[in-house]
Structures are given as C-alpha cells and as structure tokens.
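Structure first, then comments.
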Amino acid sequence: FELRFFEVQHRVPTLAVRVEGGGKVLAYSADSVPCDALVACAREADLFVCDALVAESDGKDAARRAAALVHPTAREAGEMARAAGAKSLALVHLARFATRDRVLAEGQAAFEGQTAVPDDGTVLPV
C-alpha cells in the first residue's frame, strides 16, 4: 500500500489520508471543513469516506454548528466527492443531532455516485 497525507483545515493540525494499492484508492477525510486538500485526497478514489456532521436540511442552527465545529455538511461532502471524481461516498461522523435520512438524501443529491451512511460493522467494497 502507498499512503499519502494531506493537511486539511481543522481547529488542530489534522491530516486526511489516501491509501492506494492493487489499483484501488481509499480516501479518508478526517475532521475538516471543505478545502482543496480534501478534493485532492479524494481525486478519483474508489471510496471517499468523508465526515458529514449534519444535513443542511436539519436546519440553519445545525449547519452553523457544523461550521463552528469545523466539519462539512452532507451537501459539502457530496460536492467534494463530485469535484474529486470519486466513485463512491461514505458519509460518517454524524452528529447526535443529525437526521440520518436527511444526511443520506443530501449527500446523494450533491453526488451522483453510490452514497452510503454506514453503521458500525458495515463492510463497503473498495
């Protein structure tokens, strides 16, 4: 495997990671607001695992909290996946005040590839 790290934008120094091997790419956002480094990390990834704290349809307060906590919304995660040309997207790190179905719907609306909100123990193909 080859690992590449990307400095992303969070309250503390944080790195996204891109894992390549066997002709496959897995990208993981870590905690960050949307930035060019996340799009670069996810470029043509088979699977982009990205934080999506809330759906913007959860309300303006929820979206403001996501920004204050320095995390993307589901729409922003989907937009980064689309800009990167990723093949699939897993939305993770949902806030306790997020609505799972809204997060999934918003991610799907922003990204035309396969989108999931995995549970603990979910296995996703890369």
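Observations
- Distant-in-sequence amide H partners of residue 85 (H built 1.01 Å from N, under 5 Å): 44
- Protein heavy-atom surface of the chain, 1.4 angstrom probe: 52% of the accessible area is carbon and sulfur, with nucleic acids and ligands not counted.
- Were the residues from residue 101 through residue 82 laid out at 0.36 nm apart, the gain over their Cα-Cα distance would be 4.8 nm.
- Taking 87, 24, 60 and ordering them by how much accessible surface each has at a 1.4 Å probe, largest first, produces 60, 87, 24.
- Compared with the direct C-alpha span, the chain from residue 124 to residue 9 gains 38.7 nm at full extension, assuming 0.36 nm per residue.
- Shape of the range 2-116, Cα gyration tensor, a/c cut at 1.5: oblate
- Fully extending the segment from residue 112 to residue 93, taken as 0.36 nm per residue of separation minus the present Cα-Cα distance, adds 4.7 nm.
- DSSP bridge orientation in the chain - percent antiparallel, rounded to nearest 5: 55 percent
- Residue 25 long-range amide H proximity, modeled H, under 5 Å: 46, 47
- For the options 43, 64, 96, a Gaussian network treatment of the chain with springs between C-alpha atoms closer than 10 Å singles out 96 as fluctuating the most.
- Computed per residue of the chain from DSSP H runs no shorter than four, each worth -39500 (n - 2.57), the mean residue ellipticity at 222 nm is -8500 deg cm²/dmol.
- Accessible solvent surface per residue of the chain, calculated while the other protein chains remain in place, 1.4 angstrom probe, Å²: 53 Å²
The values are calculated or read from the model by the stated rules, or taken from the named source; none is laboratory data. The structure presented is a predicted model; accordingly, all values stated were derived computationally and were not measured. When the accessible area is computed, the model is the full protein with side chains, heavy atoms only, and any ligands, DNA or RNA have been set aside. Shrake-Rupley method; radii C 1.70, N 1.55, O 1.52, S 1.80 Å.
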